[in-house]
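Just below is one structure, and these are the notes that go with it.
The values are calculated or read from the model by the stated rules, or taken from the named source; none is laboratory data. Predicted model, so just to flag it, every value in this text is computed and none were measured. Every residue, glycine among them, receives a Cβ derived from its backbone with ideal geometry; neighbour counts consider all protein chains shown.
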Amino acid sequence: MAYFVTGGTGFIGRFLIENLLRRKGTIHVLVRKESLKKFEALAQQRNWDRKRVLPVTGDMGAPNCGVSAAQLRALSGKIRHFFHLAAIYDLTASAEAMRLANVDGTRHALDLAAAIKAGCFHHVSSIAAAGLYPGVFREDMFEEAEGLDDPYLRTKHESEGLVRGESRIKWRIYRPGMVVGHSQTGEIDKIDGPYYFFTFLKKLRQALPPWMPMLGIEGGRINIVPVDFVAAALDHIAHKPRLDGHCFHLTDPEPLRVGEVLNIFARAGHAPEMSMRIDARMFAFIPGSVRMAVGSLPPVRRIMTMLLRDFRIPKEVFKFITYPTRFDNREAERALKGSGIAVPRLEDYAWRLWDYWERHLDPDLFVDRSLKGTVQGKVVVITGGSSGIGLATAQKVAAAGAITVIVARGQEELFRARDEMNAAGGKVFAYTADLSDMADCDRLVETVLKEHGHVDILVNNAGRSIRRSIELSFDRFHDFERTMQLNYFGSLRLIMGFLPTMIERRKGHIINISSIGVLANSPRFSAYVASKAALDAFSRCAQGELSGKGISFTTINMPLVKTPMIAPTKVYENVPTLTPDEAADLVVKGIIEKPSRIATRLGIFAALVNALAPKAYEAVMNTAFELFPDSAAAKGDKTALRDETPSQEQIAFAALMRGVHW
């Protein structure tokens with residue numbers, strides 16, 4: 001017995017070949033000349049018996065699939081089963097490419113099978129051949145297909161029609177559901193179908209704890225089957241007698257709705273689940289013309305484009321959210337009866353699919369995530385660069401090859417930091433400046449631009465923190481003026497100074513070191529939090545204006561970091577804090593990924609609770625206010641500093657609310 005397989009190096013094809021190798025016979029695989037090396041590598045990787053798996057040079061786009069006359073004669077009368085799997089299974093491919101591969105390719109495959117007098121032509125079609133049929137689509141249905149406007153659906157339908165009209169050879173048709181990875185290994189060769197939503201779920205996992213309830217959508221039922229089921233069912237049915245001229249749905253008899261599928265993968269990836277789901281069909285009452293008009297508005301179109309790009313979801317996927325078709329698979333069930341071949345439950349193997357994707361196909365794996373790849377040769381300005389977070393960040397950036405500019409008030413400490421980094425191989429420049437003095441800010445901007453030409457990344461790290469209750473601040477209005485002058489106006493002056501050249505070059509990145517206190521509304525930090533909140537608000541406004549000009553803004557709501565700035569508050573010596581190096585890692589993350597915001601889960605959770613239950617959150621904050629009194633430093637009692645020790649209650653509360661300033 002001999003076999004001929006088109007698409008044998010494709011995803012389903014390689015598993016079909018492994019099933020066929022358990023039987024007797026030679027397997028001829030159509031391979032393009034330029035893909036012979038790929039075929040050999042795949043054969044070696046999968047340990048195929050090279051005496052039985054033989055490449056046949058050809059091209060699906062040519063008559064008789066480009067098989068030479070000599071090869072036609074050699075194969076004539078010897079092929080009992082001709083498996084045609086070669087096709088484009090990609091919603092984002094062009095209509096022309098789909099037609100060439102799916103329709104013309106099938107026509108050429110039929111001609112080849114007839115020319116070599118194949119016993120039976122096994123056409124691997126797809127449930128896409130049914131189009132968007134509203135209801136149950138049986139295996140004996142074909143002409144009833146509806147909604148074939150989409151090129152993918154249309155070409156799958158037309159290619160199956162060519163097989164149904166074939167009279168030269170016998171045929172069988174197989175319509176697999178949406179094929180995902182191997183149920184035992186998770187193996188998959190590309191991102192498709194539900195995998196398009198994995199990046200979105202991963203971002204949810206990074207932003208929110210898995211127990212956080214989410215609002216989601218409930219769409220139609222989507223039919224998902226693992227590749228090992230499809231290959232095994234295809235092999236088994238192909239070898240059963242008296243089934244020619246039949247069509248078989250290789251589908252899940254109990255398909256899940258879109259929302260259920262997303263929740264299964266959310267559990268697999270430890271992301272929050274959509275506990276409340278809105279049926280997407282409820283929006284059908286809006287006339288199509290209205291939806292199209294709204295969707296074509298430039299702001300809406302741009303927002304959707306940015307969201308889809310960030311989540312790496314092609315817009316073509318959304319037309320299947322409300323997929324209306326169910327598939328009856330009685331013919332396939334009868335053919336598989338007694339074989340032990342059945343569709344496994346998605347929840348039993350979803351974790352394997354997620355694990356394989358995260359290890360091998362996650363798009364983030366292929367992005368240069370190195371700091372060196374991001375900053376090498378670029379001008380990076382870091383304020384407050386002589387100590388703490390600024391110094392730790394400068395050390396990492398300088399080691400990665402950036403032209404590092406550090407700024408601080410104290411010359412001795414600043415120049416010492418510069419010299420140490422240069423001695424380690426960095427290219428570091430140091431400039432003294434008082435950033436609470438607007439004239440000094442302007443002088444710094446002028447000097448940096450004169451000597452370096454431009455700034456690629458500005459890290460506004462220099463800041464002042466004051467921990468003092470409002471009742472102790474009635475006669476200290478200068479506390480608010482000083483923090484606002486440095487934390488807001490100083491940072492803003494640098495931003496406004498460096499922005500013109502960034503806009504002119506249409507690229508630039510501004511990172512503002514803010515505080516978790518802006519999200520948590522920490523009591524006793526009214527002056528500090530207000531100044532940081534002002535900078536946060538400016539950044540949000542600026543993003544809306546300048547993102548189209550290539551300028552990125554990142555706000556880092558930094559948790560408590562063990563730096564000289566917090567030293568006067570003795571309670572911080574006994575509560576969890578980040579080290580400057582750990583804090584610098586957050587800045588590095590901001591430099592590489594350019595997110596709008598970096599915040600801890602606790603910070604995001606605090607902001608969410610405050611938005612949903614402000615009175616309850618107010619009670620929590622007041623409890624913290626009463627639990628953590630003003631420090632001796634805030635009261636001006638220097639003699640009490642050495643005797644100031646935290647209570648067990650304070651330590652426990654601070655540990656529970658890790659990173660929040662109290």
Report the residue count in the stretch 502-540 for those that are touching a Gly at 6+ places or on another chain (Cβ under 6 Å), hydrophobic (A, V, I, L, M, F, W, C) and farther than 12 Å from R597 by Cα. 3
Could you tell me whether any residue of the stretch 161-179 is in contact with a strand residue (DSSP E or B) (Cβ under 6 Å, 6 or more places away or on another chain) and polar (S, T, N, Q)? no
Considering every residue within the stretch 123-137, establish whether at least one is closer than 20 Å to H239 by Cα and in a strand (DSSP E or B). yes
In the stretch 260-298, what residues are modelled with pLDDT of 90 or more and either closer than 18 Å to R221 by Cα or not in a helix (DSSP H, G or I) (or both)? E260, V261, L262, N263, I264, F265, A266, G269, H270, A271, P272, E273
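This table checks each residue for (1) free of Cβ contacts under 8 Å to residues at least 60 places away in the same chain; (2) assigned by TED's automatic domain parsing to the domain that holds F553; (3) surrounded by 14 or more Cβ atoms within 10 Å (Cβ to Cβ).
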{"position": "N422", "(1), (2), (3)": "yes, yes, yes"}
{"position": "G426", "(1), (2), (3)": "yes, yes, yes"}
{"position": "T432", "(1), (2), (3)": "yes, yes, yes"}
{"position": "S436", "(1), (2), (3)": "yes, yes, yes"}
{"position": "K450", "(1), (2), (3)": "yes, yes, no"}
{"position": "S465", "(1), (2), (3)": "no, yes, yes"}
Take the residues in the stretch 319-348 that are in a helix (DSSP H, G or I) and within 14 Å of R221 (Cβ to Cβ), then tell me which one is modelled with the highest pLDDT. L346
Take the stretch 390-427 and flag every residue that is among the small types (G, A, S) and assigned to a helix (DSSP H, G or I). G390, A392, A394, A398, A399, A417, A423
Looking only at the stretch 503-530, count how many residues are assigned to a helix (DSSP H, G or I) and in contact with a Lys or Arg (Cβ under 8 Å, 6 or more places away or on another chain). 5
Quick one: in the stretch 45-67, of everything that is within 18 Å of K24 (Cα to Cα) and free of Cβ contacts under 8 Å to residues at least 24 places away in the same chain, which residue is farthest from the chain's Cα centre (by Cα)? K51
Just give me the residues in the stretch 481-510 being of a type in the set (D, E, K, R) and under 16 Å from V381 (Cβ atoms), in sequence order. R493, R505, K507
Within the bounds of the stretch 502-523, is there any residue that is of a type in the set (A, V, I, L, M, F, W, C), surrounded by fewer than 22 Cβ atoms within 10 Å (Cβ to Cβ) and without any contact (Cβ under 8 Å) to a residue 12 or more places away in the chain? no
The stretch 83-109, residues that are outside any helix (DSSP H, G or I) and farther than 18 Å from L148 by Cα: F83, H84, L85, A86
For the stretch 349-389, the count of residues that are in a helix (DSSP H, G or I) and either under 28 Å from the mean Cα position of the chain (by Cα) or of a type in the set (S, T, N, Q) (or both) equals 22
For the stretch 84-101, does any single residue satisfy the condition of being farther than 19 Å from H122 by Cα and among the aromatic types (F, W, Y)? no
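Residue-wise test of (1) modelled with pLDDT under 95; (2) in the same structural domain as K170 (by TED's automatic domain parsing); (3) farther than 24 Å from V179 by Cα.
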position	(1), (2), (3)
V5	no, yes, no
I17	no, yes, no
L21	no, yes, no
V29	no, yes, no
E34	yes, yes, yes
V53	no, yes, yes
Unmet requirement for I17, which otherwise passes all of (1) assigned to a helix (DSSP H, G or I); (2) closer than 21 Å to I79 by Cα; (3) in contact with a Pro (Cβ under 8 Å, 6 or more places away or on another chain): (3)
